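The values are calculated or read from the model by the stated rules, or taken from the named source; none is laboratory data. Remember, it's a predicted structure, so these values are computed and weren't measured experimentally. All Cβ positions, glycine included, derive from the backbone under ideal geometry; neighbour counts span all protein chains shown. All accessible areas refer to the heavy atoms of the entire protein, side chains included, with ligands and DNA or RNA removed. Shrake-Rupley method; radii C 1.70, N 1.55, O 1.52, S 1.80 Å.
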Amino acid sequence: MKMKKRCALLFVLAISAASAASLEPLVSFSRLTKSLELLSQCAPREPWTVAGEHGALFGRQDGTFEAWLWPVKILSHFRIDAELANYPVPIDVNALAAEIKVTPAETIITYSHAAFTIRQHMFAARGEEKPATGIAAYFEIESARPIEITFSFTPEMLRMWPAPNYGRPNGEWIAHGSSGVYVLHTDNPHFSAIVAMPRTRPGILVPYQEHPQTFPLQLKLSYDPKRDHGMVYPLVMALEGSSQPYDQAADIESSIPQLYSQTLGYYSHFFDKRMTAETPDARIDTALKWAEITIDQMQVKYHDETGLVAGYYESADSARPGYAWFFGRDTLWTTYAINSYGDFGLTRRALDFLIRRQRADGKIMHEYSQSADALDWKTTPYFYASADSTPLLVMAMNDYVKSSGDMDYLKTNWEAVRKAYEFTRAHEGNDGIYNNKEGTGWVESWPPTMPEEEIYLASLDEQSNHAMSRLASLMDDSKLAVKAQQKAADIGARIESEYYESAQKFYAFSRNADGSVDHTATIYPSVAWWDGTFGLKQAGAMLTRWASDEFSTDWGTRDLSNRTSFYDPISYHQGSVWPLFTGWASLAEYRAGRPLSGYAHMMQNLDLTWAQDLGSVTELLSGEFYQPLGRSSSHQMWSSAMIVTPLLRGLFGLDWDAQNKTLRVTPHLPADWDKAALKHVQIGEASVDLAYQRRPGEWRVSAKSNSRICLAAAEENPKSCVQIIEIRVPPVEIGIPAVLPGQGDKTHQLKVLDERAGGAHATFTFAAQAGSSYDLPIRVNRSNPKVTGAQIRSGRLHMQFPPGQGYQQLAVDFVW
């Protein structure tokens, strides 16, 4: 398909009729969202992201950035320099970046000099179907003297990978009154851009007679504080142009206040229906909100559709801004988080995008570029590269229906679901399990050769069959329901018999074509607990190893053991830490009876909200030192999702059954909490507020709803519908520290390897650095225990770890 004729428009205008007072929504917005304001001193190398459905800005905290209007990179290397009157020294303004403030609706970088302050505001338009521009920035300037400011940038005009492009653009200056415009020409006469700044003059313009040279384009602004005080200078971009670029610029400028107001309104009402938490830990409350916001910012308009892209990061000299194109499995893993916080409309849009691209034989897409219509995407190797999106679609549809109760959507898309399921059944291996022959399972490279059947994909196949059984029952197809349920049981049994290795007490990574297994110890079996319908039966020793420093760093879980011969902490698949894996492990631990390690891993993901791209969670980090990889997408969708899902389904223990109007609750709240609340828990058409209140020996959970909803504990089939339930607490509850290490640190923090309680015993196994000691919060809910391995002092558990080298273990027993 040919690319439509486009003219991209970028302009920077001094608003002659507007002053700071007329931009009152900015002041109002900052006050309204102060609880979500993330404020930090600028760390020049750290990234930031401003993104929406129609465009994005990606930059560093020194204020430099690149600008995209999907799917085109308009410019890059945006910088600011200045010269003060009677102050004969050039000033690099970006070197003066002092403070970054991130709110849901905008990001502000403040440049501070003894003689002037410049504030760079940036936002992505939200709440408008077809905004005049997708992104905008504007500059507030205060100066003690007249100042000359130079805005410089590199023109790019690059369509997103892998679309063909039209050569390096060149800038032609066309005067217009006292100012003018740059026209950015490419080799395609129908693909150009405009850059304009009234009251400015052009910067370097190499005459034709000179030898060929390349300089950045410059827009020079003369600012006089007596004349210009209170004026703001917006930077606005818009695809689509006109034969009158200056008039087009003025039209778009006039839309800025409305776009800002709509963006403000969008975020001001963002949590009117989406879930929020009120807990004793403000980090949890804030990080949950930010995770929901950053997932929402992954929406991108593609013609008349909206899909979810995987991740954002600056592209440097390329046309690949992170993973800012549409991915099947990234979307499907993330829908569990979206369903959890109750944005069912977003889940439908995301599933619609994938179903529309389902292959005729039922397979679900892997990736689809924003520029896919510029080439024959079906001929590329990317479209259906992975195998896991197809079973994940069935699982995701089941989770959506369980949460929303939306039978109409299921009926509309039943044929697509059946085709996806039938594809998995048509591509089984000799053991009856869907395998990697139809694309990659999880890993995209593996020594010495790619696997034939990963436990990751086998576990998804089991859960996909269980999901299909439930969906078929809802569709009154009892034959298919029984068949799929039996298939799930068969696959589960096969996994136990073929993957479990009794000598290692671990589940193998994969099976080979000859029936042998790859013994590599990995985190991938953790997906077996994802849906809450499966779980590996002999996983105790494996869970203990996952919780130890063999897998668990102080910032998340490695994907494989650091004892593996080919362990590489900065590789993509052989030793790095992904928040995605950490989320899988956390939820598995909560569901397998290891809530303390589940909490530790959940909090590691959660604290990454403040670690790099403020508000977002990065894609992957080193397996050896606390530092993101240099190419890690700093705003990665499923990383944020792995805050939401373990928190709401693990720590708060939520499980939806919208068809029966029942919300099941199995909480694992921290030992030092006395109460908590969840607002706007969406189940079907009901919105529920949950209150958790500690009482002697139990948690009391109560529900208030706009319609009748029943509460139940896990595995309970209540005889009557109740809105209050009591859930017994374990005999001993222990609190553990949860804080990220220092930049560049290696793993050294406390680990909880195991916890067991039953009858008259409770046992906890810890690991910590030799010779270290800890005093942990503790609640003893059963009086007068005999304690060995530690001491209770003034309401805290005192532990002294033995001497030696590295990590040492300590078992603490409580006996009644």
Surface/4 of the Cα convex hull for region 461-554, nm²: 7.2 nm²
Whole Å is fine, so just give me how far the alpha carbon centre of region 347-364 lies from that of region 415-434. 16 Å
For region 578-630, what are the per-bin percents of Cα-Cα distances with bins 5 Å wide, up to the bin holding the maximum? 5, 21, 27, 23, 15, 7, 2, 0
For region 425-492, what is the Kirkwood estimate of the hydrodynamic radius, computed as the reciprocal of the mean inverse distance between distinct Cα atoms, to one decimal in Å? 12.7 Å
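Viscosity 1.306 mPa s, temperature 10 °C: Stokes-Einstein D of region 574-688 from its Kirkwood Cα radius, in µm² per second?
Values: Rh = 15.2 Å.
The estimated diffusion coefficient comes to 104 µm²/s.
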Specify, per residue and in Å³, the volume enclosed by the convex hull of the alpha carbon atoms belonging to region 319-387. 105 Å³
Calculated FRET efficiency for the pair Asn784/Lys130, C-beta based, R₀ 51 Å, to 0.05: 0.15
With a probe of 1.4 Å, find how much accessible area the chain has per residue, and write the answer as a whole number in Å². 38 Å²
For a quick check of understanding: with a 1.4 angstrom probe and all protein chains in place, what accessible area in square angstrom does Lys273 have, to the nearest ten? 150 Å²
Leading residue at positive end of dipole, the chain (Cβ point charges), from Ala677, Ala97, Gln749: Ala677
Taking a quarter of the surface of the convex hull around the Cα atoms of the chain, what do you get in nm²? 37.8 nm²
Can you tell me the FRET efficiency between Ala175 and Arg359 if r is taken as the Cβ-Cβ distance and R0 is 56 Å, rounded to the nearest 0.05? 0.55
How big, on average over all directions, is the shadow cast by the Cα convex hull of region 185-231, in nm²? 5.2 nm²
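So for region 229-316, what are the equivalent ellipsoid semi-axes in whole Å, largest first, each being the square root of 5 times an eigenvalue of the Cα gyration tensor? Provide the component values of the computation, followed by the final result.
Details: eigenvalues 218, 71, 37 Å².
That gives 33, 19, 14 Å for the three semi-axes.
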Determine the principal axes of the Cα atoms in region 278-339, then give the extent along each, sorted from largest to smallest and rounded to whole angstroms. 44, 28, 20
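If Rh is defined by the Kirkwood formula over all Cα pairs and Rg also comes from Cα, what ratio Rg/Rh do you get for region 382-500?
For region 382-500, the value is 0.99.
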Amide H contacts of Gly684 (H built 1.01 Å from N, under 5 Å, at least 5 apart or other chain): Ser404, Gly405
For Asp376, placing the label point 7 angstrom along Cα-to-beta-carbon and taking region 161-192, residues whose amide nitrogen sits under 19 Å are 162-165
For the chain, the dipole about the Cα centre with charges only on Cβ (Lys and Arg +1, Asp and Glu -1), to the nearest 20 debye, works out at 1320 debye
From the C-alpha gyration tensor of region 71-149, pull out the three semi-axes of the equivalent ellipsoid (sqrt of 5λ each), sorted largest to smallest, in whole Å. 29, 14, 11
Between Ala757 and Gln808, what is the FRET efficiency for a Förster distance of 25 Å, r being their Cβ-Cβ separation, to the nearest 0.05? 0.60
Cα-only radius of gyration and Dmax that characterise region 656-725, units Å: 11.9, 35
So what is log10(I(q)/I(0)) for region 311-467 at q = 0.13, 0.14, 0.19, 0.20 1/Å, when the Debye sum runs over its Cα atoms only? -0.63, -0.73, -1.25, -1.33
Once all protein chains are kept in place, Val739 shows an accessible area at probe 1.4 Å, nearest 10 Å², of 90 Å²
Once Gln791 and Arg45 are pulled to full extension, the length gained, defined as 0.36 nm per residue separation minus their Cα-Cα distance, is 264.0 nm
List the pair-distance distribution P(r) of region 237-284, using every Cα-Cα distance, as the percent of pairs falling in each 5 Å bin from 0 up to the bin containing the longest distance, rounded to whole percents. 5, 15, 15, 13, 12, 9, 9, 8, 7, 4, 2, 1
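Rounded to two decimals, what is the ratio between the C-alpha radius of gyration of region 170-276 and 2.2 N^0.38 Å?
Details: Rg = 18.5 Å, N = 107, 2.2 N^0.38 = 13.0 Å.
After normalising by residue count via 2.2 N^0.38 Å, the value is 1.42.
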Which whole-Hz couplings ³J(HN,Hα) result when phi for each residue of region 114-129 is put into the Karplus expression 6.51 cos²θ - 1.76 cosθ + 1.60, θ = phi - 60°, listed in order with x for Gly and Pro? 4, 10, 7, 10, 10, 10, 9, 9, 9, 8, 10, 5, 10, x, 9, 5
Please compute the volume of the convex hull spanned by the alpha-carbon atoms of region 502-584 and report it per residue in Å³. 116 Å³
Gain upon complete extension [Ser516, Glu99; 0.36 nm per residue less C-alpha separation]: 144.4 nm
What does the highest-first list of 519-530, 475-486 look like by mean Cβ count within 10 Å? 519-530, 475-486
